[in-house]
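Let me begin by presenting the structure, written as structure tokens, before commenting on it.
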Amino acid sequence: MDQNSTRELISGVDFAGVPVRDLDTAAEFYGQTLGLRQSVYMPERNYAEFETGNLTLSVFNAEEFGLEHHANRNAIALHVDDVEEARGALEQRGVSFDGDTLDTGVCHMAFFSAPEGIAPMLHDRYAPRHTTA
């Protein structure tokens with residue numbers, strides 16, 4: 001397909017789905033433990049939403065929507081200004097981290113466990129991102 005004839009259709013990402021079975025436990029984790037602002041909590045509709053600044057996490061019970069439950073093991077990178085400081089604060093709140101904080105040469109990453117096998121990470125890019133586009 002000729003790139004000059006295509007137009008950009010997608011302008012952003014509105015939310016990322018986080019499937020869970022226990023909405024109350026997940027809502028407490030994302031709202032209280034992580035401290036994300038809860039913008040929606042509708043247990044009667046089986047979902048809640050939490051704001052990260054540039055992306056909404058839509059926490060929902062997939063089975064109650066008639067879908068199969070599949071835990072998302074792909075990390076959602078949650079931006080923080082200082083990974084070690086945020087890691088220490090979350091460890092004091094009972095969050096368990098998987099291994100040491102990684103330094104990739106452009107960013108720091110610390111992977112941790114959330115309810116029901118979700119695997120988010122703390123992330124801070126400290127060097128410029130280089131793209132090929």
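Across the stretch 76-93, rounded Karplus estimates of 3J(HN,Hα) from the backbone phi angles (6.51 cos²θ - 1.76 cosθ + 1.60, θ = phi - 60°) give 9, 7, 8, 6, 9, 6, 9, 4, 5, 5, 5, 4, x, 5, 6, 4, 5, 8 Hz, Gly and Pro being marked x. A DSSP coil position with no more than 11 other Cβ atoms inside 10 Å describes the following GluC sites (Glu not before Pro) in the stretch 20-70: 68.
When +1 charges are put on Lys and Arg Cβ atoms and -1 charges on Asp and Glu Cβ atoms, the dipole computed for the stretch 1-76 relative to its Cα centre reaches about 180 debye. Along the charge dipole of the chain, which of 50, 79, 27 sits closest to the positive end, that is, farthest toward it, with unit charges on the beta carbon of Lys, Arg, Asp and Glu (+1, +1, -1, -1)? Value: 79.
Rounded to whole Å, the principal axis extents of the Cα atoms in the stretch 11-125 read 43, 36, 24, largest first. Residues considered: 111, 97, 65. Largest GNM mean-square fluctuation over the chain, using C-alpha springs under 10 Å, is found at 65.
Backbone amide hydrogens, once placed in the peptide plane, bring residue 18 within less than 5 Å of 58, 59, 60, excluding anything fewer than 5 places away on its chain. Give a quick list of trypsin sites (Lys or Arg not before Pro) in the stretch 77-130 that DSSP marks as loop, anything other than H, G, I, E or B, with at most 15 other Cβ atoms within 10 Å. The qualifying sites are 93, 129. Each pair of Cα atoms in the stretch 8-77 enters the Kirkwood radius, and Stokes-Einstein at 4 °C and 1.567 mPa s then converts it into a translational diffusion coefficient of 103 µm²/s. Rounded to the nearest whole Hz, the Karplus-based 3J(HN,Hα) values (6.51 cos²θ - 1.76 cosθ + 1.60, θ = phi - 60°) of the stretch 61-66 follow the sequence 8, 4, 5, 6, 8, x, with x at glycine and proline. Taken about its Cα centre, the chain carries a charge dipole of roughly 260 debye when the Cβ of each Lys and Arg holds +1 and the Cβ of each Asp and Glu holds -1.
Values quoted throughout were computed directly from the atomic coordinates according to the rules given, and no laboratory measurement underlies them. Predicted model only: the values in this text are computed from it and were never measured. For neighbour counting, all protein chains shown are included, and Cβ atoms are generated from backbone atoms with ideal geometry for every residue, glycine included.
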